[in-house]
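The values are calculated or read from the model by the stated rules, or taken from the named source; none is laboratory data. Computed from a predicted model, the values in this text were never measured in an experiment. Every residue, glycine among them, receives a Cβ derived from its backbone with ideal geometry; neighbour counts consider all protein chains shown. What goes into the accessible areas is simple: the full protein's heavy atoms, side chains included, and nothing from ligands, DNA or RNA. Shrake-Rupley method; radii C 1.70, N 1.55, O 1.52, S 1.80 Å.
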Amino acid sequence: MASGPLTPPEAVALLCEGFPGVEAEVSHGSPSWTVDGRSFASLRVNHHGDGRVALLLALPDGRASELVAAEPEVFHRPAYTRGDRWVGVELQVADWNEVCALVADAWRAAAGAEPAVPAPAVPAPRRLQPEEIDPLRSERGEARLDDLRRICLPLPEVTEARQFGMPSFRAGRKGFCTLHVHGGRFAVQAWVGEAGQAALSGDPRFRVPPYVGAHGWIELDVHDAVTWEEVERLVVGSYRHFALKRMLAALDAR
């Protein structure tokens, strides 16, 4: 662990794992904690681009609704969670002592433990900087996005949107390129088809991404040195696959 004040992920891990019988796991890409096989906490940072540092907790019935109604700037009802017991706590603004007490409540509810079990003593974490929450707000992220815009936006009938929190470019209604962050590194995702995937698989800069990889997409690491002519060939090839005939005609007429 790094010296200095704890980050929210470090503090949450120490807090949750300080209770008896807790196991840490990764669920749907997020750090999560269970006791006796029952999930009681999960941490989401910038989930689908929402900008939050949110600790999700499964509380006794009725508590979640009460907290959201009382302090909507601190608590919210998280998406993609089952049941009405889950509440999201925004760690950037929440009182840490209250967070510790709520984690204890969530653990006790999942473990069926007596209220006498106290929360572990964990110091309050520091606030994360905007670029730590969303890498796209970093100097490198903004530069990569600007470079990708210079390639994509001049193409006929292209618009920029967000897909699962990531910048995505669409030819009409169909996405053909996304700036993605994987393992803290920036990558460009584009369609190349199965033959293209096979041809590029020997290059360590490329990987077949999960989910969309089954549909012919590839991912090129652009975190460090970038040959933008190569990126442009990749992106324009993907655009040509999804673009309508009138878009291709406009492109070829240039």
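Across q = 0.12, 0.22, 0.27 Å⁻¹, region 115-194 modelled as identical point scatterers on its alpha-carbon atoms has Debye log10 I(q)/I(0) values of -0.47, -1.06, -1.34, in the order of the q list. The solvent-accessible area of Trp96, taken with every protein chain present and a 1.4 Å probe, is close to 30 Å².
Give the carbon-plus-sulfur fraction of the accessible surface of region 140-203 in %, rounded to a whole number; probe 1.4 Å, heavy atoms of protein chains only.
Details: 1580 of 3190 Å².
Heavy-atom surface of region 140-203 belonging to carbon and sulfur, 1.4 Å probe: 50 percent.
With contacts defined as alpha carbon pairs under 8 Å and 6 or more residues apart, what's the relative contact order of the chain in percent?
Values: 395 pairs, mean separation 35.8, N = 254.
Taking the mean separation of contacting Cα pairs over the length of the chain, I get 14 percent.
For the pair Arg240 and Glu17, a Förster radius of 45 Å applied to the C-beta separation gives a FRET efficiency near 0.35, rounded to the nearest 0.05.
Counting heavy atoms of the protein chains alone, His215 has an accessible area of about 130 Å² for a 1.4 Å probe. Couplings 3J(HN,Hα) for region 135-141, derived from phi with the Karplus relation 6.51 cos²θ - 1.76 cosθ + 1.60 (θ = phi - 60°), are x, 5, 8, 7, 4, 5, x Hz, where x marks Gly and Pro.
Computed with a 1.4 Å probe over protein heavy atoms only, the accessible surface of region 1-75 comes to 49 Å² per residue.
Look at (1) 12.7; (2) 16.5; (3) 13.6: the one that is mean projected area of the Cα convex hull in nm² derived from this structure is (2). For the pair Ser201 and Glu73 in one chain, pulling the backbone fully straight at 0.36 nm per residue adds 41.5 nm over the alpha carbon distance. Placing a pseudo-label 7 Å from each Cα along the Cα-to-Cβ vector at Thr81 and Glu114 gives an inter-label distance of 2.9 nm.
If you run the Gaussian network model on the chain, springs between alpha carbon atoms under 10 Å, then out of Ala109, Ala161, Ala195 the most flexible one is Ala195.
How big, in percent, is the set of alpha carbon pairs in region 1-85 lying more than 21 Å apart?
Details: 1231 of 3570 pairs.
I get 34 percent for the Cα pairs in region 1-85 exceeding 21 Å.
Return the FRET efficiency for the residue pair Ser138, Val212: r is the Cβ-Cβ distance, R0 is 35 Å, and the value is rounded to the nearest 0.05. According to the calculation, E is roughly 0.90.
Run the numbers on region 2-149 and let me know its relative contact order in percent, using alpha-carbon pairs under 8 Å that are six or more apart.
Numbers: 222 pairs, mean separation 37.6, N = 148.
Relative contact order here is 25 percent.
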